[in-house]
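I have placed the structure first, in the form of structure tokens, so that the comments after it can refer back to it.
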Amino acid sequence: PDLLPTCNGEITTMSFLQDVVDILLQYVVKSFDRSTKVIDFHYPNELLQEYNWELADQPQTLEEILLNCRTTLKYAIKTGHPRYFNQLSTGLDMVGLAADWLTSAANTNMFTYEIAPVFVLLEYVTLRKMREMVGWPGGCGDGIFSPGGAISNMYAMLIARFKMFPEVKEKGMAAIPRLVAFTSEHSHFSVKKGAAALGIGTDSVILIRCDERGKIIPSDLERRIVEAKQKGFVPFLVSATAGTTVYGAFDPLIAIADICKKYKVWMHVDGAWGGGLLMSRKHKWKLNGIERANSVTWNPHKMMGVPLQCSALLVREEGLMQSCNQMHASYLFQQDKHYDLSYDTGDKALQCGRHVDVFKLWLMWRAKGTTGFEAQIDKCLELAEYLYNKIKNREGYEMVFDGKPQHTNVCFWYIPPSLRGMEDSEERTSRLMKVAPVIKARMMEYGTTMVSYQPLGDKVNFFRMVISNPAATHQDIDFLIDEIERLGQDL
């Protein structure tokens, strides 16, 4: 009650916000301190019982509110910690953080130039620059920042369907033939999720076989397209992956582009994880052929370390997104405004209210330049290669696939001493399956580091190490290996 807009609330407000900033700054400093835990782990019921989280009729004091802020950060995962390797999005960028604070203070919505003038222009400039890096002439085309890669992929499916059958917008699925989409068996689950949400159905997503490194086999893709057409289905989209979630594999985009051209199918590239490599002169060859795509998903909140969330969908054909999604709401998109209406981006979005996600990316890009992002990304890839070289012949480690990783994903089993002499058998497999989950649980209870694991296909639980944190160093990789061995020796 004492804070602005209360009369004479300035002094209380300044001191309250100063206290909040102090809490945040202490957290930031702790995030990079290797002697602090990555996580202070408690089981859900413990955390629920230890504090009173319930909402009450009566207000609390500002002291209690500050205490709530401290408690929340005390149990938060330090995603900026140099030893947090759990997700594809890690790190804590100071300029990005500053931009996020500014965005929250400005507290506006992305629908129109009328209420978000600078942000709308920055989205226009930044998306054009990203399209240029994809290789579309002069950065032509369209795009939007969406709430994550899954939604970006769904936009691509929506637009691809509209391009082939514009009548679907008014008449719905009943008015068009049975559609099918194609993606790799290693692709992200969001392609199926999008098919379910758009009424196409998950059975209409055909999974294409991958080679042992996790890349789509083009001949299998072509065979399945022909097969679908013979059954009377209409292939409308191929979603190729540039940087798969688990293996970090890059599908052969040139061969896929040739097939899409031959059968007149929309080519989408899900580069949510691998798109950042376009910033690197050394590594961008892995995305050769991406310039032939009709649409591209690229998440700067992953490899580029932009604070969550920041995901872009880029579309090669201008105007398509607008005609696919616009509803001409006259209370937002009046046609008789006094400025150039092409800057009102709201009607091409699926959302009405849309968070400002561009400012973090734009400000970081200003602060680092493309070369700064390049150095950051090259360093992460170099660390992944360092890890791979360290464990590929080390006792107690087995690689999930041969050869050096294409991205920062390094997939491996840790084999505890008790399993090292055993020949391949069902018993060995079922024991190996339990190793990674136990080590992971111990990591979290000690709070020293976090790295993810999963099974895949016929392969039992293995560690998937990913590096996207600019704070990580060779010492942190060494620490991780020692920690896995320390926590897994007795299994």
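The values are calculated or read from the model by the stated rules, or taken from the named source; none is laboratory data. Computed from a predicted structure; not experimentally measured. Backbone-built Cβ (ideal geometry, glycine too); neighbour counts: all protein chains shown. We work out accessible area using only protein heavy atoms, side chains counted, and drop any ligands, DNA or RNA first. Shrake-Rupley method; radii C 1.70, N 1.55, O 1.52, S 1.80 Å.
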Scanning the range 40-62 for residues that are touching a residue at least 24 places away in the same chain (Cβ under 8 Å) and under 15 Å from L73 (Cα atoms), the one most open to solvent (accessible area, probe 1.4 Å) turns out to be F41
Residue hits (the range 204-238; more than 19 Å from A257 (Cβ to Cβ) and polar (S, T, N, Q)) are S204, Q230
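Tally up the residues in the range 446-491 that are among the acidic types (D, E) and farther than 30 Å from D93 by Cβ, please. Don't jump to the end; show me each part of the working.
First pass over the range 446-491, keeping only residues among the acidic types (D, E): 458, 476, 478, 482-483, 485, 490.
Restricting the remaining residues to those that are farther than 30 Å from D93 by Cβ gives 458, 485, 490.
The total comes to 3.
In the range 1-55, which residues are among the hydroxyl-bearing types (S, T, Y) and in a loop (DSSP other than H, G, I, E, B)? Show your work before the answer.
Taking the range 1-55 as the starting set, the residues that turn out to be among the hydroxyl-bearing types (S, T, Y) are 6, 12-13, 15, 27, 31, 35-36, 43, 51.
Selection gives T6, S35, T36, Y43, Y51.
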In the range 449-479, residues that are open to solvent by 10 Å² or more (accessible area, probe 1.4 Å), touching a Gly at 6+ places or on another chain (Cβ under 9 Å) and polar (S, T, N, Q) total 0
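Here is a yes/no grid of residues against (1) in contact with a Cys (Cβ under 8 Å, 6 or more places away or on another chain); (2) assigned to a loop (DSSP other than H, G, I, E, B); (3) among the aromatic types (F, W, Y):
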{"position": "R281", "(1), (2), (3)": "no, yes, no"}
{"position": "H301", "(1), (2), (3)": "yes, yes, no"}
{"position": "Q309", "(1), (2), (3)": "no, yes, no"}
{"position": "L314", "(1), (2), (3)": "no, no, no"}
If we ask which residues in the range 148-175 are surrounded by fewer than 16 Cβ atoms within 10 Å (Cβ to Cβ) and either on the phi > 0 side of the Ramachandran plot or part of a loop (DSSP other than H, G, I, E, B) (or both), their number turns out to be 3
Going through the range 306-357 in order, the residues found to be of a type in the set (G, A, S), open to solvent by less than 40 Å² (accessible area, probe 1.4 Å) and at pLDDT below 90 are A329, G346
Can you confirm whether the range 122-141 contains a residue that is open to solvent by 40 Å² or more (accessible area, probe 1.4 Å), out of contact with any strand residue (DSSP E or B) (no Cβ under 7 Å at 6 or more places or on another chain) and among the hydroxyl-bearing types (S, T, Y)?
yes
All-but-one check, S425 against (1) farther than 28 Å from P300 by Cβ; (2) of a type in the set (G, A, S); (3) touching a residue at least 24 places away in the same chain (Cβ under 8 Å), failing number (3)
Given (1) touching a Phe, Trp or Tyr at 6+ places or on another chain (Cβ under 7 Å); (2) surrounded by 20 or more Cβ atoms within 10 Å (Cβ to Cβ), T103 misses just (2)
Counted residues in the range 79-108 being over 16 Å from I467 (Cβ atoms) and in a loop (DSSP other than H, G, I, E, B) come to 2
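Residues are listed down the side, and each one gets a yes or a no for (1) in contact with a helix residue (DSSP H, G or I) (Cβ under 7 Å, 6 or more places away or on another chain); (2) over 22 Å from S190 (Cβ atoms); (3) charged (D, E, K, R):
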| residue | (1), (2), (3) |
| --- | --- |
| S311 | yes, no, no |
| E318 | no, yes, yes |
| Q322 | yes, yes, no |
| Q326 | yes, yes, no |
| L341 | no, yes, no |
| G346 | no, yes, no |
| H355 | no, no, no |
| W362 | yes, yes, no |
| A367 | yes, yes, no |
